[in-house]
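The structure appears right after this line, and notes come after that.
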Amino acid sequence: MARGAPLTLLRGAQNETLLKNCRPVPSGAGFDVGVTISLVDPTPLRIDLITSFHHMNEDGFYVSWTEHMINITPSLLYEINISISGPDRNDVKDYIHDVIYDALVAEFAEFEE
């Protein structure tokens, strides 16, 4: 497969419909700038997401940010594998893993075209 070919998967009417109807990845609840797909060095077997997480202190005030790269690969045993880079302040990597996993594997109703 030619380098860059995975990007062509995002073209075409069927894929546009799929992308329009997919559950979105999180925004808010600490993911205050959302989650984006990284198109740097794409492969057919890995999706890379980029996010920043906004941390609160014990008084409920936002105090700092951490940057994270989320790598998603297929797994025969667990559906998907998720690895998260960046600091693990307040066990945020466990939280990010749970939120991303739930967003990606959740079942949703089929949409009419």
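The values are calculated or read from the model by the stated rules, or taken from the named source; none is laboratory data. Note that this is a predicted model, so its numbers are computed, not measured. Neighbour counts run over all protein chains shown; Cβ positions are idealised from the backbone, glycine included.
Would you point out the residue of segment 34-50, among those that are of a type in the set (A, V, I, L, M, F, W, C) and touching a helix residue (DSSP H, G or I) at 6+ places or on another chain (Cβ under 8 Å), that is nearest to E79 (Cα to Cα)?
Within segment 34-50, the subset of a type in the set (A, V, I, L, M, F, W, C) is 35, 37, 39-40, 45, 47, 49-50.
When the remaining residues are screened for being touching a helix residue (DSSP H, G or I) at 6+ places or on another chain (Cβ under 8 Å), the result is 35, 39, 49.
On the way: V35: 21, L39: 22, L49: 17 Å.
The qualifying residue nearest to E79 (Cα to Cα) is L49.
Please find, among D94, D41, the residue that is closer than 23 Å to A29 by Cβ and of a type in the set (D, E).
On the way: D41 fails: closer than 23 Å to A29 by Cβ.
Going through D94, D41 in turn, the sole match is D94.
Taking the conditions exactly as written (small (G, A, S), more than 24 Å from I37 (Cβ to Cβ), in contact (Cβ under 8 Å) with a residue 12 or more places away in the chain and touching a strand residue (DSSP E or B) at 6+ places or on another chain (Cβ under 6 Å)), does S52 satisfy them or not? Steps first, please.
On the way: small (G, A, S): yes; more than 24 Å from I37 (Cβ to Cβ): no; in contact (Cβ under 8 Å) with a residue 12 or more places away in the chain: yes; touching a strand residue (DSSP E or B) at 6+ places or on another chain (Cβ under 6 Å): yes.
No; evaluated as a whole, the condition is false for this residue.
Among the residues of segment 97-113, count how many are at pLDDT 80 or above and more than 19 Å from G30 (Cβ to Cβ).
Residues that pass the stated criteria total 0.
Yes or no: segment 79-100 includes at least one residue that is surrounded by 14 or more Cβ atoms within 10 Å (Cβ to Cβ), part of a loop (DSSP other than H, G, I, E, B) and in contact with a Lys or Arg (Cβ under 8 Å, 6 or more places away or on another chain).
Within segment 79-100 (the criterion being surrounded by 14 or more Cβ atoms within 10 Å (Cβ to Cβ), part of a loop (DSSP other than H, G, I, E, B) and in contact with a Lys or Arg (Cβ under 8 Å, 6 or more places away or on another chain)), the answer is yes, since at least one residue qualifies.
So P74 clears everything in (1) without any contact (Cβ under 8 Å) to a residue 24 or more places away in the chain; (2) outside any helix (DSSP H, G or I) except one condition, right? Which one?
In the conditions (1) without any contact (Cβ under 8 Å) to a residue 24 or more places away in the chain; (2) outside any helix (DSSP H, G or I), P74 misses (1) alone.
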